[in-house]
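Asker: Let me begin by handing over the structure; questions about it come next.
The values are calculated or read from the model by the stated rules, or taken from the named source; none is laboratory data. The model shown is predicted, which means the values in this text are computed figures rather than measured ones. Note: ideal-geometry Cβ built from the backbone for every residue, glycine included; neighbour counts use all protein chains shown. Each accessible area value is taken on the protein alone, full model and side chains, heavy atoms only, with ligands, DNA and RNA left out. Shrake-Rupley method; radii C 1.70, N 1.55, O 1.52, S 1.80 Å.
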Amino acid sequence: MRTLQIPFGRLAVLFVALTLSARAVEIPEPTVEPKKVEAVSGKAPSDAIVLFDGKDLSQFVDAKGEPAKWEVKNGVATVNGTGDIYTMQSFGDCQLHVEWATPTKIVGEGQGRGNSGVFLQSKYENQVLDSYTNKTKFHGQASAVYKQTAPLVNASRKPGEWQIYDIIYHAPRFDDKGKVTTSARVTVLHNGVLVQNNTEIKGSTSFTGDVHYEKHGAKEPLKLQDHHNPVRYRNIWIREL
Ligand code: MG
């Protein structure tokens with residue numbers, strides 16, 4: 001009778017390989033206790049930077065660096081044709097909460113209906129638009145990475161109703177020569193529904209579709225767009241990551 005002869009050396013290698021592949025990963029127990037954050041429903045978390053709480057736009061300036069001139073009334077800031085507004089503070093990786101509403105009375109169509117935008121680092125637009133029954137290019141509707149990536153689903157509410165963006169953003173990284181080494185990424189919940197899932201941002205968003213990265217600071221202001229439609233904002237806060 002023939003027996004299978006396997007050299008001892010090979011057996012040893014096989015044994016070691018099997019042992020290593022079966023070994024569980026050792027996870028050390030965390031030694032730092034997670035910081036306590038008060039998270040009261042409807043309010044900014046206690047460790048958030050409140051950018052707009054309904055009182056004034058003192059955290060924002062216009063493109064010239066002068067105080068933002070959007071109308072503030074009854075706890076709401078409304079786009080009024082005085083131009084884009086920018087946070088005075090700059091941000092990189094962040095969690096951002098923005099509540100917005102397009103006009104109740106429908107005026108215009110496509111990109112001209114309730115258009116505004118949340119520009120991360122002033123360069124990467126998460127589109128704000130009345131997209132309830134408004135046909136437009138899919139990568140231009142609400143919660144699209146403008147002209148790059150359409151939302152996974154359309155979670156839009158009716159015109160005039162308050163809507164919520166919860167955004168998790170990772171800024172791009174650049175090398176010394178200005179070349180992007182890591183693209184920006186964004187995750188967006190629109191009214192609690194996942195619409196951008198760790199989406200790669202391919203460069204600054206633009207109407208012309210000329211998408212490319214240009215080196216910028218690790219932190220840049222957040223911009224809200226004045227697209228000449230009276231879109232309203234309230235309850236804006238951000239947490240740096
Ligand atoms: Mg826009």
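Asker: Any chance the stretch 79-100 includes a residue that's among the charged types (D, E, K, R) and over 21 Å from the mean Cα position of the chain (by Cα)?
Answerer: No: zero hits.
Asker: Could you tell me which residue of the stretch 25-82 is nearest to residue 234 (Cα to Cα), considering only residues that are in a loop (DSSP other than H, G, I, E, B) and of a type in the set (Lys, Arg)?
Answerer: Checked the stretch 25-82; the qualifying residue nearest to residue 234 (Cα to Cα) is 55.
Asker: Further, regarding this structure: Within the stretch 137-146, work out how many residues are in a loop (DSSP other than H, G, I, E, B) and either open to solvent by less than 10 Å² (accessible area, probe 1.4 Å) or within 11 Å of the ligand (Cβ to nearest atom) (or both).
Answerer: 5
Asker: Just to be sure before I move on: is residue 159 without any contact (Cβ under 8 Å) to a residue 60 or more places away in the chain and open to solvent by 20 Å² or more (accessible area, probe 1.4 Å) in the structure I sent?
Answerer: Judged against the criteria, residue 159 is a match.
Asker: Could you count how many residues in the stretch 55-106 are within 20 Å of residue 241 (Cβ to Cβ) and of a type in the set (S, T, N, Q)?
Answerer: So the answer is 5.
Asker: Might you check whether a residue that is within 16 Å of the ligand (Cβ to nearest atom) and either closer than 30 Å to residue 103 by Cβ or open to solvent by 80 Å² or more (accessible area, probe 1.4 Å) (or both) occurs anywhere in the stretch 168-177? If you could, list the steps in order and put the result at the bottom.
Answerer: Residues of the stretch 168-177 that are within 16 Å of the ligand (Cβ to nearest atom), as a first pass: none.
No, because not a single residue in the stretch 168-177 is within 16 Å of the ligand (Cβ to nearest atom) and either closer than 30 Å to residue 103 by Cβ or open to solvent by 80 Å² or more (accessible area, probe 1.4 Å) (or both).
Asker: Filter the stretch 147-166 down to residues that are more than 19 Å from residue 101 (Cβ to Cβ) and in a loop (DSSP other than H, G, I, E, B) and give me whichever is nearest to the ligand (Cβ to nearest atom).
Answerer: Only one residue tops the list, namely 147.
Asker: Please verify whether residue 234 is touching a residue at least 24 places away in the same chain (Cβ under 8 Å), in a strand (DSSP E or B), more than 16 Å from the ligand (Cβ to nearest atom) and of a type in the set (D, E, K, R), treating the condition exactly as stated.
Answerer: yes
Asker: Find the residue count for the stretch 104-135, including only residues that are open to solvent by less than 30 Å² (accessible area, probe 1.4 Å), more than 10 Å from the ligand (Cβ to nearest atom) and in a loop (DSSP other than H, G, I, E, B).
Answerer: Looking only at that region, the number is 5.
Asker: Working only within the stretch 189-231, note down all residues that are of a type in the set (D, E, K, R), more than 14 Å from the ligand (Cβ to nearest atom) and surrounded by 17 or more Cβ atoms within 10 Å (Cβ to Cβ).
Answerer: Of everything in the stretch 189-231, those that are of a type in the set (D, E, K, R), more than 14 Å from the ligand (Cβ to nearest atom) and surrounded by 17 or more Cβ atoms within 10 Å (Cβ to Cβ) turn out to be 202, 220.
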